[in-house]
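What follows is a short report on a single structure.
The values are calculated or read from the model by the stated rules, or taken from the named source; none is laboratory data. Keep in mind that what you see is a predicted model, and the values were worked out from it rather than measured. We place every Cβ from the backbone using ideal geometry, glycine too, and count neighbours over all the protein chains shown.
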Amino acid sequence: MIGLPLGAQKSGALSVKVGPEAYDSASRVKLGPFGRPLRKGISTSLSRVRLSDYGDGENALAEQLDCVFPARLRGQVMVSGSEPGVPPYPGSLPTCNPAPMAAFYVHDINDTDSTYVSILPGCSRVLQQNGCSNTKCDPRDTTLTAPYPVPAGVTLPAGASCVQFHGCPDQYPVVFCVTDNQGHDNDQNWGVLTLFWDFINALPSAQPCLAGQGYQSGACAPCPSDETACEDFCVNEQTDPNNCGACGTVCAAGATCQSGVCTCPSGETACAGACVNEQTDLENCGTCNTRCVVGCQAGVCSP
């Protein structure tokens, strides 16, 4: 399926524009559209969920989610976009060891908003991330690619071509369609949504890593001695707020994992998945889930 945990609808098409600020290395799971914190009481759980990112903008959302929720993203599909940090586009991606994910790119060779060359480094990153034997992204190099068969209902615009890169695992293919003089809003006219849905639905089941292994540089490998395999990803249970002390133990938003124990900042308490100050919090005044109408002062609701 195509899922959009962060983002917005735009111009009648699903689209996402997210900058690097959307990744919060401290709270991580408490992010809303464009990096704004989610309202208290709302949490983001992606346990055993496979998502795809259909984006029109920076090539950052899927990578950020792949860092925050390792080995959860089954695939991403993207129209246009650019790799953060490629001139003249600002930003950067979080440093992590992401798991592989299938990828489908559509980009116009003459795009002036997000230039064609600005997405190629992101495509190369994904090729490497997926463990492909070829990591050079050049969709027009026939020695690196093979024609990709488009499904019924899709008529490529004049001058367009779709290819699949050689050397990638069957579970994690990388496909790239290059168009010529097609605006950002024209992609639905020739069936890009059908193209994307067909790609996602045709993906074979991802094979899990063996016990004690996690994805590293696009392939399953034994975890380092100080890390534990949690659902195909190697984590440090002493410091990982999503696997604190044990796999799947998620710390409250704002908390850190210290020596395998979730710890809220001084003066705060974990309530409904978030660290709050019970002395002033309207929804957790004095104790968790004690809601005030007017205000909360010193842990007591104001009259």
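Just a few scattered comments:
- Only one entry in Ala298, Ala252, Ala246 is of a type in the set (Gly, Ala, Ser), surrounded by fewer than 15 Cβ atoms within 10 Å (Cβ to Cβ), outside the structural domain of Leu73 (by TED's automatic domain parsing) and within 24 Å of the chain's Cα centre (by Cα), namely Ala246.
- Criterion: hydrophobic (A, V, I, L, M, F, W, C) and either surrounded by fewer than 23 Cβ atoms within 10 Å (Cβ to Cβ) or in contact with a Leu (Cβ under 8 Å, 6 or more places away or on another chain) (or both) - qualifying residue of Ala160, Ala103: Ala160
- The residue of the stretch 197-212 that is nearest to the chain's Cα centre (by Cα), among those that are free of Cβ contacts under 8 Å to residues at least 24 places away in the same chain and more than 27 Å from Val235 (Cβ to Cβ), is Asn201.
- From Thr228, Thr194, residue being assigned by TED's automatic domain parsing to the domain that holds Gln128 and surrounded by 15 or more Cβ atoms within 10 Å (Cβ to Cβ): Thr194
- Qualifying residue in the stretch 266-278 (condition: touching a residue at least 60 places away in the same chain (Cβ under 8 Å), in the same structural domain as Asp226 (by TED's automatic domain parsing) and touching a strand residue (DSSP E or B) at 6+ places or on another chain (Cβ under 9 Å)): no
One line per residue, one yes/no per condition, for (1) modelled with pLDDT of 90 or more; (2) assigned by TED's automatic domain parsing to the domain that holds Pro88; (3) farther than 30 Å from Pro90 by Cβ:
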residue	(1), (2), (3)
Leu120	yes, yes, no
Val126	yes, yes, no
Ala146	yes, yes, yes
Pro151	yes, yes, yes
Pro173	yes, yes, yes
Val178	yes, yes, no
Gly183	no, yes, no
Asp187	no, yes, no
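- Test: Cys168 is crowded, with 18+ Cβ neighbours inside 10 Å, part of a loop (DSSP other than H, G, I, E, B) and modelled with pLDDT under 90: no
- For first residues located in the stretch 238-255 and over 17 Å from Cys275 (Cα atoms) and touching a residue at least 40 places away in the same chain (Cβ under 8 Å), partners that are surrounded by fewer than 16 Cβ atoms within 10 Å (Cβ to Cβ) and not acidic (Asp, Glu) and lie 6+ apart or on another chain with Cβ distances below 8 Å form the pairs Gly248/Ser47.
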